[in-house]
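K.L.:
Structure in structure tokens, see below.
Every read-out reported here was derived from the displayed coordinates using simple, explicitly stated rules and does not represent laboratory data. Since this is a predicted model, take the numbers as computed values, not measurements. For neighbour counting, all protein chains shown are included, and Cβ atoms are generated from backbone atoms with ideal geometry for every residue, glycine included.
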Amino acid sequence: EDQVTQSPEALRLQEGESSSLNCSYTVSGLRGLFWYRQDPGKGPEFLFTLYSAGEEKEKERLKATLTKKESFLHITAPKPEDSATYLCAVQGGSGGSNYKLTFGKGTLLTVNP
Amino acid sequence: NAGVTQTPKFRVLKTGQSMTLLCAQDMNHEYMYWYRQDPGMGLRLIHYSVGEGTTAKGEVPDGYNVSRLKKQNFLLGLESAAPSQTSVYFCASTRGRQPQHFGDGTRLSIL
């Protein structure tokens, strides 16, 4: 059974204070690891997909990295508008062709001005 | 291009009532999914479909039924609503290995 654990559950930063969110996973045959952002009252919004260990993706102040056991979402010089819940999900190969995702519980990020 | 549209956005039901949540996507995606999101529990898969006319159980299917009569629509039904089904319901769709696209959810309260 695929499992995803995100830490910390909540993180409060000052504007400009860089930090990282962690996503630890166990999966049978990783097809992809996905990062989403979710704002209050909205559905998850896709950020990144990582497919293999060593891969990195960047978008503005966000950078996602992947190892064989975990992924990090690095936030550099965050702004208040980066405040959101960040979700990590894995797509394993054991499910055949259904492409199901297993989600972590998320990290609630608050960036204070 | 609307993406994934969920209706209704909000609903209040009494215990024992039935209702259907509608998900519509305009991206010609084969795969569609229904999740529920509860505080402290994350997103959990209820049912999913790998194509028109197919459905399958996810992690938490009890008390729900689904139908995929048309490729673009995926319906989630509650036959006899229970307070434990109070939640936010999200629909998602994808072509496969690509990211799932989500709707903005249906907030359902059962009294």
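K.L.:
Check the straight Cα-Cα distances from B:Lys14 and name the lysines below 30 Å, setting aside those fewer than 8 residues away within the same chain.
P.N.:
Of all the lysines, those that pass the test against B:Lys14 - Cα under 30 Å, at least 8 places apart if same chain - are A:Lys42, A:Lys105, B:Lys57, B:Lys70.
K.L.:
In addition: How charged is the neighbourhood of B:Thr54? Take every other residue with its Cβ under 15 Å from the Cβ of B:Thr54, and add Lys/Arg as +1 and Asp/Glu as -1. Spell out each step's value before the answer.
P.N.:
Numbers: positive: A:Lys100, B:Lys57, B:Arg68, B:Lys70, B:Lys71; negative: B:Glu30, B:Glu52.
Its environment carries a net charge of +3.
K.L.:
From the phi of every residue in segment A:23-35, what ³J(HN,Hα) in whole Hz does the Karplus formula 6.51 cos²θ - 1.76 cosθ + 1.60 yield, where θ is phi - 60° and glycine or proline is x?
P.N.:
Whole-Hz 3J(HN,Hα) from phi for segment A:23-35: 9, 9, 9, 10, 8, 8, x, 5, 8, x, 10, 10, 10.
K.L.:
Could you pull out every one of the lysines with an alpha carbon less than 19 Å from that of A:Lys68, ignoring same-chain neighbours closer than 8 positions?
P.N.:
Here the lysines satisfying the reach criterion relative to A:Lys68 are A:Lys57.
K.L.:
With a ≥ b ≥ c the root eigenvalues of the C-alpha gyration tensor of the protein assembly as shown, is it rounded (a/c under 1.5), prolate (a/b larger than b/c) or oblate?
P.N.:
On the way: a/c = 1.94, a/b = 1.44, b/c = 1.35.
Prolate is the answer for the protein assembly as shown, as a/c is 1.5 or above and a/b outweighs b/c.
K.L.:
Name the residue farthest towards the positive end of the dipole of the protein assembly as shown from the options B:Thr5, A:Pro44, A:Ser83, assuming +1 on Cβ of Lys and Arg, -1 on Cβ of Asp and Glu, about the Cα centre.
P.N.:
B:Thr5
K.L.:
Using the Cα centre of segment A:31-113 as the reference point, and only Cβ charges (+1 on K/R, -1 on D/E), how large is the resulting charge dipole? Debye, rounded to the nearest 20.
P.N.:
Working: 12 positive and 9 negative charges, 50 e Å.
That gives segment A:31-113 a dipole magnitude of about 240 debye.
K.L.:
Using the Karplus curve 6.51 cos²θ - 1.76 cosθ + 1.60 with θ = phi - 60°, what ³J(HN,Hα) values do you get for each residue of segment B:74-82, in whole Hz, with x for Gly and Pro?
P.N.:
9, 9, 10, x, 10, 6, 9, 5, 10
K.L.:
Roughly how many nanometres apart are two label points built 7 Å out from the Cα toward the Cβ at A:Ser7 and A:Asn98?
P.N.:
In this crude label model, A:Ser7 to A:Asn98 measures out at 3.0 nm.
K.L.:
Moving to a separate point now. Considering only DSSP beta bridges with both partners in chain A, what is the antiparallel share in %, to the nearest 5? It would help to have the intermediate numbers written out before the result.
P.N.:
Numbers: 38 of 43 bridges.
If we restrict to bridges inside chain A, about 90 percent are antiparallel.
K.L.:
Which net charge results when you count Lys and Arg as +1 and Asp and Glu as -1 among the other residues whose beta-carbon is under 15 Å from that of A:Glu55?
P.N.:
Values: positive: A:Arg31, A:Lys57, A:Lys59, A:Lys63, A:Lys68, A:Lys69, B:Arg97; negative: A:Glu56, A:Glu58, A:Glu70.
Value of the local net charge: +4.
K.L.:
Counting only C-alpha contacts under 8 Å and six or more residues apart, can you give the relative contact order of segment A:3-109 as a whole percent? Could the numbers behind the result be given before it?
P.N.:
Working: 252 pairs, mean separation 39.3, N = 107.
Rounded, it is 37 percent for segment A:3-109.
K.L.:
Here's something else I'd like to know. Can you list the HN-Hα couplings for segment A:46-58, worked out from phi with the Karplus curve (6.51, -1.76, 1.60; θ = phi - 60°), rounded to whole Hz and with x for Gly and Pro?
P.N.:
Rounded to whole hertz, the list is 5, 10, 9, 10, 10, 10, 8, 4, x, 6, 9, 9, 10.
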